[in-house]
Amino acid sequence: MIPGFSSRRRFRDLSEQEILALAISSEEDDARIYRSYAEMLRADFPDSAAMFDGMAREEDGHRQRLIELHRSRFGDVIPLIRREHVAGFYARRPIWLVENLGIERIRDEAEAMERDAETFYLKAAQHSSDAATRKLLGDLAAAEAGHQTRAEELQQEHLSGDARDAEERTAKRQFLLTWVQPGLAGLMDGSVSTLAPIFATAFATQDTWTTFLVGLAASVGAGISMGFTEAASDDGELSGRGSPFKRGLASGVMTTVGGLGHALPYLIPDFWTATIIAFVVVFIELWAIAWIQNKYMETPFFRAAFQVVLGGALVFAAGVLIGSG
């Protein structure tokens, strides 16, 4: 036992029966994880779900062979020992930490699962002096390496070029709906809507610190408002736009960033220096919005630029006229 951690054992203190029991429970956990992945992906990514179903069946087969080996060597009673009972044993990420990740990240997690298991068993075998234990650990490492090979075969079997292309299109669409669209709306609102109060204050007072405080308040307030509005307007269940928290976060943060871009220059004490830099920042912001619309929303660049620049120019002019009056 490890002093102070009586519920955890060192790997080198485990008997061969306990090592075999640990392998059995690990295979059972991995099969459950793969089936959870399959259920998470089945609606939008049916081919990847079929791949994970196949990997779960492979884990079931390995677990069954390990159980038969345990029965022949040690009998029917398998000790209860799991990963968390062994110090230094590789850990698995809980499903609830993975379920909101993209399809590629889930595939990477699955590959890491197999690599971690193989690496652990190989290193454990190297540190074992007992011949039988070394053989057992080597067999387990070989089994995990076989899992990786079989996973690649299943991926080729279930994920043809057309299927992968279709899943990538679905993933891209989900990324656009969950992150890009709310973020773009927030950036446009933050960049354009704050122009009037910031530049009206600037030309009315010609006080850079007051202008900065007004810009900061307008940006943060708009960010909070846009974030809550986006999150509360659609739970994503029917529209398929994804997590309201993610959409609200993207919208709120980008709204704040859009407003702060041309508020921060007013930390410069000289009024005209700060105002000229703010002009440049506004120009960069508007063209960045046009670029994002062109890249992700497939809006023709010059049409997007015309719409954004025209809107921004009108709001900017309103702010200057009101402030100068």
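The table below lists the values:
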quantity	calculated
Debye, to nearest 20: dipole size of the stretch 183-265, +1 on Lys, Arg Cβ, -1 on Asp, Glu Cβ	120
E27, E16, E68 arranged by Cβ crowding within 10 Å, fewest neighbours leading	E68, E16, E27
Stokes-Einstein D (µm²/s) once Rh is taken as the Kirkwood radius of the stretch 169-218 over alpha-carbon pairs, at 10 °C in 1.306 mPa s	126
Computed over the stretch 181-325: relative contact order in percent, which uses C-alpha pairs under 8 Å that are six or more apart	36
Highest to lowest packing among 185-191, 199-205, 138-144, scored as the average C-beta count within 10 Å	185-191, 199-205, 138-144
Length released on extending from A43 to W287, taking residue separation times 0.36 nm less the Cα-Cα span	84.1 nm
R83/W272 FRET efficiency (R0 51 Å; Cβ-Cβ; nearest 0.05)	0.20
Potential extension, Q307-Q17 segment - 0.36 nm per residue separation minus Cα distance	97.3 nm
Residue order, fewest to most surrounding Cβ atoms within 10 angstrom, among H62, H70, H85	H85, H70, H62
Label-point separation in nm, A132 to R57, each point 7 Å along Cα→Cβ	3.5
Residues with amide H under 5 Å from that of V86, placed H, sequence gap 5 or more	R9
Separation in nanometres of the label points that stand 7 Å from Cα toward Cβ, at W209 and Y296	3.8
Gain upon complete extension [S233, D76; 0.36 nm per residue less C-alpha separation]	50.9 nm
Rg/Rh (Cα only; Kirkwood hydrodynamic radius) as it applies to the stretch 171-324	1.02
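Laboratory data are not the source of any read-out in this text; all were calculated from the coordinates shown. All values reported here derive from a predicted model rather than from experimental measurement. Here Cβ is always computed from backbone atoms with ideal geometry, including for glycine, and neighbour counts include all displayed protein chains.
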